[in-house]
Amino acid sequence: GLKEVSDNIAHDLKTPLNRLRNGAEAALRDSRGSDAYREGLESTIEKADELIKTFNALLLIARLEAGVVEETAEPFDLGQLVSDMAELYEPVAEEVGLALQIDAKSGLGVRANRQLVGQAVANLVDNAIKYSADAVGRQNASATDAAVSVRVTEEGRFAEISVADRGPGI
């Protein structure tokens, strides 16, 4: 299991690490001086943050597969968590001309790993905004056509989280 995790980490991080290094090197060679260095450092920080997210996600997946994450399950309000996560992305959605619609009522109790659920919702909302914004830019759609919706519903004894958009799909 450890070998598989190590292989996955090496595979998923090799390309982004090369991009990070090449970007820093290009900034150093840029003849504009301090402006180029500043832009290079800002880009390096952004890329490093993405690498950290990827690394953390790989570690969480490995822990989940090993059964360790079950020990971290706790009761929490799913509707509140999803609302909070989606609200964090409202300014990002507005910035690219998208409406973010949230329908997640409080009071739906679940027992799960709060961090993993929050990360999953964040990833879905982030991708929905990113790819919907790309589609809107290509199609010159109006803001009313461009929406991302986040919902939490209860189906019998199960909870369902859905993130929907009008992007190109997978």
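The values are calculated or read from the model by the stated rules, or taken from the named source; none is laboratory data. A quick note: this is a predicted structure, and the numbers were derived from the prediction, not measured. A quick note on method: Cβ atoms are made from the backbone with ideal geometry, for glycine too, and the neighbour counts reach across all protein chains shown. Surface accessibility is based on the protein's heavy atoms, side chains included, excluding ligands, DNA and RNA. Shrake-Rupley method; radii C 1.70, N 1.55, O 1.52, S 1.80 Å.
Key figures
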quantity: Residues satisfying the stated conditions in segment 9-44, i.e. in a helix (DSSP H, G or I) and among the acidic types (D, E); calculated: D12, E25, D35, E39, E42
quantity: Hits in segment 11-62 - residues which are among the basic types (K, R), within 27 Å of Q115 (Cα to Cα) and open to solvent by 100 Å² or more (accessible area, probe 1.4 Å); calculated: K14, K53
quantity: Long-range neighbours under 8 Å by Cβ, at least six apart or interchain, first residue open to solvent by 80 Å² or more (accessible area, probe 1.4 Å) within segment 90-112, second part of a loop (DSSP other than H, G, I, E, B); calculated: R111/A73
quantity: Count of segment 74-84 residues which are open to solvent by 40 Å² or more (accessible area, probe 1.4 Å), in a helix (DSSP H, G or I) and either among the charged types (D, E, K, R) or in contact (Cβ under 8 Å) with a residue 60 or more places away in the chain (or both); calculated: 1
quantity: Residue count, segment 43-89 (criterion: in contact with a Lys or Arg (Cβ under 6 Å, 6 or more places away or on another chain) and of a type in the set (A, V, I, L, M, F, W, C)); calculated: 3
quantity: Residues of segment 121-134 satisfying the condition of being hydrophobic (A, V, I, L, M, F, W, C) and surrounded by 17 or more Cβ atoms within 10 Å (Cβ to Cβ); calculated: V121, L124, V125, A128, I129, A133
quantity: E71 closer than 18 Å to A128 by Cα, open to solvent by 40 Å² or more (accessible area, probe 1.4 Å) and assigned to a helix (DSSP H, G or I); calculated: no
